[in-house]
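The next block holds one structure in the form of structure tokens; read it before the comments.
The values are calculated or read from the model by the stated rules, or taken from the named source; none is laboratory data. Every value quoted in this text rests on a predicted model; they were computed, and no experiment measured them. Every residue, glycine as well, gets a Cβ built from its backbone with ideal geometry; the counts of neighbours run over all protein chains shown.
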Amino acid sequence: MAESYKSYVQQLLHNGLKSRKNSFFDHIDGKLLIEQSQRNVRYKIEQQNRNMGNCINFGRGKSSKLQKNQVPNSPLSVNSQQQPIISPSSVQFSINNSNTNGITTPSSSGVSSASSSTTSAIVLKSTNENTRFQYVAIFDYDARTNDDLTIRKNDLLEITLRKNAAWWKAKNENGKEGWIPSNYVAKKDSLESEPWYFKSIRRIDAEKQLMSDVNEHGSFLIRDSETKKTDFSLSIRDNDSVKHYRIRQSEDGRYYIARRTTFPNLPELVIHYTKTSDGLCVNLRQPCVHIIKPEPDGLSHNLVDKWEILRREIKLIRRLGHGQFGDVWEGVWNDNVSVAVKTLKPGSMNPTDFLAEASMMKRLRHPNLIQLFAVCTIEEPIYIITELMKNGSLLDYLQNPRSRQLKIPALVYIATQIARGMAYLEQQNYIHRDLAARNVLVGDDNVVKIADFGLARIIKEYAGGMYEAKEGTKFPIKWTAPEAALYNRFTIKSDVWSYGILLTELVTFGRTPYPGMTNAEVLRQVDQGYRLPQPPNCPATLYTIMRECWHAQPENRPSFSTLQYRLENEYNGENPEFSN
Ligand code: AMP
């Protein structure tokens, strides 16, 4: 392979990497991370203050998890083997409870009011702190390489090396050491280590997880409030629905759902409501089972900042489809991680566009965008290796007769995730330019991720947020905004137009837009003001959103962050049309 080509590839990859390294603080997830660490600090300080007296550590000790089907009528059953924060020598609880009723029914805003007061005191005298094992596994991780450590939820761990933010070296209680993804562990006794704490997940995701088959009546989780930093929300599965309650903090820092019953911390609030519903729809029975695990960053600890992997590490298993550049395969990396492998037809004269897509993906990291893992460029055929989405493209998925059973809430959940991925692109000043159901991929549990960044571009401020496509470039007319199709003016608002078309694909289960019309007719009619009519069974609220996406003036179309917000909120019970 020519030297110039090799150096070109390296340059391309290097640029992608550089911009990614610098992007942490502008990153949506970066901000969330900071907020999260602030919460953890507050939580830790509260715990320490409490332990200066005689109180409790409700951290995830080996037995701290509420067992499924366990009737949690005694806090002892919840927490009898807790690892305490501060010294003492034996574990012992004493509980004194008096409850009154008075929690109002949960509303869609999750606010509850209250009166009077309750005492709930839990006293823990504890054993010596184990200072070595400061971390606890919050998810299972199976070793992918010989250097990795397999961990199981609740394993206590010592972190021995923090090579980068994403992968740490850890030692377990049996003395075994190896690499683990850092997002699979939490500081022991931190809020994050509680099995019921789901951090900043949105209400829509809380509902999705609680309603999954593995959870049942009384499953619950606590998450950060979406509206107020110091508040939390409690989400509980109530048979076939989910109820949300706001957990507020009083001026003196105590937590409550009903003002009459306050608690010094969230664990004690949880203990109280496991014993008695005390006005909630049902008492808290078992922490919600995580159905969505975070992805480790990259394939392994030594590939985070490395692109090129050896071709022999990849085995091709079966052909998944055919893309613009060549076949797409399901493959396995290192005999144990499933991946998707995009191949470039051997002898292809133009690897630039193919690799441009990889470079684009490398700069972007979001749960609703396909993650690039690695490339093999040293010999032909060139491979781009990404995460595998088991259910293929959203278009194929929708057109499969089995998808007919997807109801409006499931379709809106898919739409919300796409809006999230696009809101991230919007925030990063990228445009996609080819947003359509065929370019979105589907994994388990209707998780969707945006793919096909082949036409994506970064938009420079000085260009007024606009990308001018070359004369004669071909576009999928039925998805393309009129100003982009007619005058090559691509902006994030032309992506918003395409998003509106994608919504029609969703509610019609993959029907081609403007049925019976040619591209030329669509172009002419749309320019004259014609818009797709409301599809059958499409809720009016969703159609209103579509029409806003197709506003003739790009600046009058909503932003993706507004779309995300509206779908997340309208989906969640406030709009009865969406919640059937
Ligand atoms: P593309 O070249 O991206 O248009 O891909 C062609 C087809 O391959 C898609 O329509 C999917 O069916 C399949 N495919 C592409 N990427 C993936 C992936 N990451 N996971 C699963 N299937 C994929």
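The figures follow:
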| item | result |
| --- | --- |
| Residues satisfying the stated conditions in region 344-382, i.e. aliphatic (A, V, I, L, M) and either under 28 Å from Gln564 (Cα atoms) or out of contact with any Phe, Trp or Tyr (no Cβ under 7 Å at 6 or more places or on another chain) (or both) | Met349, Leu355, Ala356, Ala358, Met360, Met361, Leu364, Leu369, Ile370, Leu372, Ile378 |
| Condition met for Gln564 (exposed (fewer than 14 other Cβ atoms within 10 Å of the Cβ) and either at pLDDT 95 or above or not aromatic (Phe, Trp, Tyr) (or both)) | no |
| Residues satisfying the stated conditions in region 292-351, i.e. away from the ligand (no atom under 16 Å from the Cβ), over 30 Å from Lys208 (Cα atoms) and of a type in the set (A, V, I, L, M) | Leu303, Val304, Ile309, Leu310, Met349 |
| Qualifying residue in region 384-394 (condition: charged (D, E, K, R) and in contact with a Phe, Trp or Tyr (Cβ under 7 Å, 6 or more places away or on another chain)) | yes |
| Residue ranges of strands (runs of 3 or more DSSP E) in region 289-346 with at least 2 members without any contact (Cβ under 8 Å) to a residue 12 or more places away in the chain | 314-322 |
| Residue check, Asn391 of a type outside the set (Phe, Trp, Tyr), within 16 Å of the ligand (Cβ to nearest atom) and within 21 Å of the chain's Cα centre (by Cα) | yes |
| Selection from region 219-272 of residues that are of a type in the set (Phe, Trp, Tyr), surrounded by fewer than 24 Cβ atoms within 10 Å (Cβ to Cβ) and in contact (Cβ under 8 Å) with a residue 60 or more places away in the chain | Tyr256, Phe263 |
| Checking Ile431 against (1) within 16 Å of the ligand (Cβ to nearest atom); (2) at pLDDT below 95, the condition it does not meet | (1) |
| Residue list for region 187-229, restricted to those being out of contact with any strand residue (DSSP E or B) (no Cβ under 6 Å at 6 or more places or on another chain), in a loop (DSSP other than H, G, I, E, B) and hydrophobic (A, V, I, L, M, F, W, C) | Met211, Val214 |
| Cross-chain or 6+ apart pairs with Cβ under 6 Å, region 132-161 first and over 13 Å from Glu194 (Cα atoms), then of a type in the set (Ser, Thr, Tyr) and assigned to a loop (DSSP other than H, G, I, E, B) | Asp142/Thr150; Ala143/Thr150; Arg144/Ser300; Thr145/Ser300 |
| Residue in region 477-495 that is surrounded by the most Cβ atoms within 10 Å (Cβ to Cβ), counting only those that are in a helix (DSSP H, G or I) and hydroxyl-bearing (Ser, Thr, Tyr) | Ser494 |
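Table: residues versus (1) modelled with pLDDT of 95 or more; (2) more than 12 Å from the ligand (Cβ to nearest atom); (3) surrounded by fewer than 17 Cβ atoms within 10 Å (Cβ to Cβ).
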position: Lys407; (1), (2), (3): no, yes, yes
position: Ala437; (1), (2), (3): yes, no, no
position: Leu455; (1), (2), (3): no, no, no
position: Tyr467; (1), (2), (3): no, yes, no
